[in-house]
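Enquirer: First, the structure itself, so that you have it in front of you.
The values are calculated or read from the model by the stated rules, or taken from the named source; none is laboratory data. Keep in mind that what you see is a predicted model, and the values were worked out from it rather than measured. Here the Cβ is made from the backbone with ideal geometry for all residues, glycine too, and neighbour counts use every protein chain on show.
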Amino acid sequence: MVKLSINPVDVRTHIGKGVDALMNAITKNIYLQTTCQKHRKIMKINIGIKEEDRNAVSEQLARLLADEFILYTKTRNAHWNIEGSDFHSMHVFFESQYEQLDEIMDSVAERIRKIGHYAPGTLTQLLQLTHLTEKSDNKNDSLGFLKELLEDHESIIKFIRGNIKPFSDEYSDAGTSDFITGLMETHEGMAWMIRSHFSL
């Protein structure tokens, strides 16, 4: 079992910069300790991206993977527990959505591996890394599930959008920048399908 330790000096340094900066520091500690400690002897990778840049990119991809996992689980929950007169159509719709998310999760994990890191693979890790919440206040009706899932898709879209330029411009990783651009477009399509269930 990996023992999590956070340097108090690092925490104090980040407090003055706001909650987001503090959470980023904690996330970095979680990611580096939970995915790297048991794999010290990985073969050196030489793909034209500096190690510190690959570290920065993989940290954000780990957070994205955690978000995708939570959204996948919540979409599965909607598929299993939907009730109402539209049960069958929504049961099938949610299935199509979680199948897409399953493929997305796999592709994000593989991207992390391609740039020389290990993907977080335990529930504890994923829950520590995610921006999303497992909490659900809906009543198992279609509109309740749809609203909650739409909010999560839009949250992921904004997170991805905020990383596209940094990945290419700051970390010299045009490949991952292009990769997440494709993921963003997929989420935009999925969000559109969900949003279309609501009438103004």
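Enquirer: Quick one: E170 ticks every box in (1) free of Cβ contacts under 8 Å to residues at least 60 places away in the same chain; (2) surrounded by fewer than 14 Cβ atoms within 10 Å (Cβ to Cβ) except a single one, so which number is it?
Expert: Just one mismatch for E170, condition (1).
Enquirer: Also, I was wondering about something else. Return yes or no: is K139 at pLDDT below 95 and out of contact with any helix residue (DSSP H, G or I) (no Cβ under 8 Å at 6 or more places or on another chain)?
Expert: When the stated conditions are applied, K139 passes them.
Enquirer: Moving on. Give the residue, chosen from D106, D178, D137, D102, that is in a helix (DSSP H, G or I), free of Cβ contacts under 8 Å to residues at least 40 places away in the same chain and more than 17 Å from Y72 (Cβ to Cβ).
Expert: Exactly one residue qualifies, and that residue is D178.
Enquirer: Then there is this: Name every residue in region 86-97 that is surrounded by fewer than 19 Cβ atoms within 10 Å (Cβ to Cβ) and touching a helix residue (DSSP H, G or I) at 6+ places or on another chain (Cβ under 9 Å), in order of residue number.
Expert: D86, F87, S89, H91, V92, E95, S96 - these are the residues of region 86-97 that are surrounded by fewer than 19 Cβ atoms within 10 Å (Cβ to Cβ) and touching a helix residue (DSSP H, G or I) at 6+ places or on another chain (Cβ under 9 Å).
Enquirer: Continuing with this model, one more query. From K158, K165, which residue is within 15 Å of the chain's Cα centre (by Cα), in a helix (DSSP H, G or I) and without any contact (Cβ under 8 Å) to a residue 24 or more places away in the chain?
Expert: K158
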